[in-house]
Amino acid sequence: QLQASGGGLVQAGASLRLSCAASGRTFSHYGMGWFRQAPGKEREFVAALSWNSGNKYYSASVKGRFSISRDNAHNTVYLQMDSLKPEDTAVYYCTADNSFNRLTYAVPRAYTYWGQGTLVTVSS
């Protein structure tokens with residue numbers, strides 16, 4: 001029900017925009033987020049936003065470089081990634097939950113719906 005796209009191979013300093021299209025249900029009243037998982041590492045929080053985009057959260061490692069947004073009319077959430085670094089290399093997953101809140105937005109198990117992931121590779 002969540003389909004992530006937009007990943008690819010880029011050089012350090014480049015930009016990418018990931019998209020996550022929802023289908024099968026309306027996610028307009030769900031909090032949505034992005035997590036990533038690098039090889040051999042645990043899944044980590046990247047960014048999240050509330051249903052009306054009133055609250056946005058970022059991990060310290062991406063704050064100032066990444067921007068999360070959503071288009072509820074098209075049931076889509078985006079992750080604009082600028083100034084990419086090799087350490088941003090990972091599979092990126094979009095996620096959604098209707099119990100989104102400021103206490104659990106960075107916790108993977110707080111989310112019910114997950115996309116299949118899209119690979120981002122940043123070369124040095």
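Worth pointing out:
- Within the stretch 1-14, the only residue that satisfies the criterion of being open to solvent by 60 Å² or more (accessible area, probe 1.4 Å) and not in a strand (DSSP E or B) is Gln1.
- Phe66, sole failed condition from (1) over 16 Å from Tyr111 (Cα atoms); (2) in contact with a Pro (Cβ under 7 Å, 6 or more places away or on another chain); (3) open to solvent by less than 20 Å² (accessible area, probe 1.4 Å): (2)
- Screening the candidates Leu119, Leu103 for the property of being open to solvent by 60 Å² or more (accessible area, probe 1.4 Å) and farther than 24 Å from Ser15 by Cβ yields one hit, Leu103.
- Qualifying residues in the stretch 29-53 (those that are part of a loop (DSSP other than H, G, I, E, B) and open to solvent by less than 60 Å² (accessible area, probe 1.4 Å)) - the one nearest to Thr95 (Cα to Cα): Tyr30
- Pick from the stretch 77-98, criterion outside any loop (DSSP other than H, G, I, E, B) and either in contact with a His (Cβ under 7 Å, 6 or more places away or on another chain) or open to solvent by 20 Å² or more (accessible area, probe 1.4 Å) (or both), ranking: nearest to Phe45 (Cα to Cα): Tyr93
The values are calculated or read from the model by the stated rules, or taken from the named source; none is laboratory data. All figures in this text were calculated on a predicted structure; none of them were measured in a lab. Cβ: placed from backbone, ideal geometry, glycine included. Neighbour counts: every protein chain shown. Accessible surface areas use protein heavy atoms only, side chains included; no ligands, DNA or RNA. Shrake-Rupley method; radii C 1.70, N 1.55, O 1.52, S 1.80 Å.
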